[in-house]
Amino acid sequence: LKKTLSAIAGDVVASSRPEQVLVQTKAEEPQKANLLTRIISATPDHLNVAFIHQLDASASAWVLGHEEGRKYVEEVFGDQITVRSYFDANTPESAGQLIDQAVEEGAQVVFTTAPMLSQPSLKAAVKYPKVRFFNCSVDQPYSSIRTYYARIYEAKFITGAIAGAMAQDNRIGFIASYPIFGMTASINAFALGAQLTNPRAQIELRWSCCEGTPQADFFRDGIRVVSNREMPTQDQMYLNFCNYGTYLLDDRGGLIPLGSPVWVWGKFYENVLQGILSGPQKEDKDPGSAVNYWLGMDSGVISVNLSSKLPEGVKTMAKLLRSAISDGTLDPFARKITAQDGSVKNDGTKTLTPSELLHMDWLCDNVVGEIPTYDQILPRSRAMVRELGIYRDKLTDIEEGVREDFDHLR
């Protein structure tokens, strides 16, 4: 018991701090360690790395994206790393077993690539204190594991500008996934981007986690430009099929791709592994700190793929916006912003903090729709909302257990 309490002491300290989570928005610069530093800090010359996935790459585009990232770092680091992937961690028990297997097979760094794997990761981090654990989620107040996600809202601002330029009747549809940390920022950034190119643009909001058929409903209602989920990998196929990104319904009923945010997980994994191979991380100095990476276009973790069918002027505009956000000269939220209720959320003189962006629970005045309540969310989607929902801390009545949550996701 004493050993276990000692192991979780850092998490207790981290969760009790007023600012529980340090949201790190910049990639860490690899340290240049001399020979003495490498000896003292036991900096490894080789790393055994494991990826634990909730599903299989053949069944999940999300897993496929992380597997593309795994292949990328294998090419970058060569014989400096050995990588193994483990699939179908779709129950708490199987997740724990696969993490145990990975550690038994020598894993020194473990990436668990889904938010629902945060609790198994936390338990394993306490059990294996010498192994570094990273979980793909955000705003988790744990020092034993680090979490990571990406600032999708930056890319959504650009696709919003594209949508505003392409919408002939000012009406644009937006299909959101879950009301989780960062999603509302993506909706609002898209709305602000649309205003940039079309001041009269109205964003009609629907949620895929609620009842209904959003895309069909939009087209039936005469909305021709729709924003859907972002691309899981850089493969242009996902954009051209119009299952991802922003697209246009033409006069003949065909879908024309316009552009899409895209995850580039390999860049994140490269940064983390290079940091470990170069020297000690900040967590080694402060075991009570909860660090969440929330990286964006300046780190290369998020990009925007543009369709070859975009008009040249719109494409040029999108490229300029992409460059400006990447080099930090443009902030989508650094302007006057008014919410649906008429309140001014930014008078144009300040920059919103990462915490304000992550926990945003309001919608811009040109968004038509609302954030769904917990009761409005489909049962299969509630697990994600309880884990990362923007009103997570207000949920007190949990009617389903963790095992049922995992079953819904299978």
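The values are calculated or read from the model by the stated rules, or taken from the named source; none is laboratory data. This one's a predicted model, so the numbers in the text were calculated from it and none came from an experiment. Backbone-built Cβ (ideal geometry, glycine too); neighbour counts: all protein chains shown. Note: areas computed on protein heavy atoms with side chains; ligands, DNA, RNA excluded. Shrake-Rupley method; radii C 1.70, N 1.55, O 1.52, S 1.80 Å.
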query: So for the pair Lys319, Asp251, with labels modelled 7 Å out along Cα→Cβ, what separation do we get in nm?
result: 2.9 nm
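Assign unit charges at the C-beta atoms only (+1 for Lys and Arg, -1 for Asp and Glu), then state the dipole size of region 161-283 relative to its Cα centre in Debye, rounded to the nearest 20.
Numbers: 9 positive and 11 negative charges, 32 e Å.
The dipole of region 161-283 has a size of about 160 debye.
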- prompt: So how far apart, in nm, are the two label points at Leu378 and Glu28 if each is 7 Å from Cα heading toward Cβ?
  reply: 3.9 nm
query: For region 71-212, what are the per-bin percents of Cα-Cα distances with bins 10 Å wide, up to the bin holding the maximum?
result: 11, 29, 24, 20, 13, 3
task: Could you check the simple spin-label distance between Lys130 and Ala59, using points 7 Å along Cα→Cβ, in nm with one decimal?
output: 3.5 nm
- line: CD proxy, 222 nm, the chain: helix-only mean residue ellipticity via -39,500 (n - 2.57) per DSSP H run with n ≥ 4, per residue, nearest 500, stands at -11000 deg cm²/dmol
query: Asn305's amide H: which non-local residues (gap 5+, or another chain) put their own amide H closer than 5 Å, with H modeled 1.01 Å from N in plane and none for Pro or chain starts?
result: Ser260, Val262
statement: By the mean-Cβ-within-10 Å protection proxy, highest first, 377-383, 186-192 rank as 186-192, 377-383
Relative contact order, percent, the chain [alpha-carbon distance under 8 Å, six or more residues apart]: 21 percent
- request: Name the shape class, rounded, prolate or oblate, that the alpha-carbon gyration tensor gives for region 276-379, where a ≥ b ≥ c are the square roots of its eigenvalues, rounded holds for a/c under 1.5, and otherwise prolate holds if a/b is larger than b/c and oblate otherwise.
  value: oblate
For Ala185, net neighbour charge (Lys/Arg +1, Asp/Glu -1) across residues whose Cβ lies under 13 Å away: -2
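Could you work out how much longer the chain between Thr338 and Arg220 gets when fully extended? Use 0.36 nm per residue separation minus the Cα distance between them, nm to one decimal.
On the way: separation 118, 0.36 × 118 = 42.48 nm, distance 2.99 nm.
The Thr338-Arg220 span can extend by a further 39.5 nm.
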task: Would you please state the base-10 log of I(q)/I(0) at q = 0.17, 0.24, 0.28 1/Å for region 173-224, with intensities from the Debye formula using one equal scatterer on every alpha carbon?
output: -0.56, -0.97, -1.10
DSSP beta bridge pairing in the chain, given as percent antiparallel to the nearest 5: 30 percent
- prompt: Taking a 27 Å limit on the Cα-Cα distance, which of the listed pairs Lys123/Lys394; Lys336/Lys394; Lys267/Lys345; Lys130/Lys156 fall beyond it?
  reply: Lys336/Lys394; Lys267/Lys345; Lys130/Lys156
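Report the charge-dipole magnitude of region 218-260 in Debye, nearest 20, computed about the Cα centre from +1 at each Lys and Arg Cβ and -1 at each Asp and Glu Cβ.
Result for region 218-260 is approximately 100 debye, rounded to the nearest 20.
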query: Taking the structure as given and computing Cα Rg over 2.2 N^0.38 Å, which label from (i) 1.56; (ii) 0.99; (iii) 1.08 fits?
result: (ii)
statement: Charge dipole of region 335-380 built from unit charges on the beta carbon (Lys, Arg +1; Asp, Glu -1), centred at mean Cα; most positive-end Cα among Pro354, Thr373, Val344 is Pro354
task: Sort the following peptides by mean Cβ neighbour count (other Cβ atoms within 10 Å, averaged over residues), highest first: 78-84, 232-238, 139-145.
output: 139-145, 232-238, 78-84
field: Accessible area of region 211-345 belonging to carbon and sulfur atoms, whole % at 1.4 Å probe
entry: 49 percent
- prompt: How many Å² of accessible area per residue for region 55-101, probe 1.4 Å?
  reply: 47 Å²
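Beta carbons within 10 angstrom, averaged per residue: use that to sort the peptides 205-216, 146-157, 55-66, 118-129, highest first.
Numbers: 205-216: 16.0, 146-157: 26.4, 55-66: 18.0, 118-129: 20.1.
Result, highest mean Cβ count within 10 Å first: 146-157, 118-129, 55-66, 205-216.
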- prompt: Just the accessible area per residue of region 238-335, please: how many Å² with a 1.4 Å probe?
  reply: 39 Å²
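Which value, in debye to the nearest 20, gives the size of the charge dipole of the chain about its Cα centre, when Lys and Arg are +1 and Asp and Glu are -1 at the Cβ? Present the calculation step by step, with values, prior to reporting the outcome.
Working: 41 positive and 50 negative charges, 138 e Å.
With only Lys, Arg, Asp and Glu charged at Cβ, the dipole is about 660 debye.
Take the Cβ-Cβ distance between Ser208 and Ser355 as r, set R0 to 22 Å, and report the resulting FRET efficiency rounded to the nearest 0.05. Intermediate results must be reported in sequence, preceding the final value.
Numbers: r = 26 Å, r/R0 = 1.19.
In this case the efficiency is close to 0.25.
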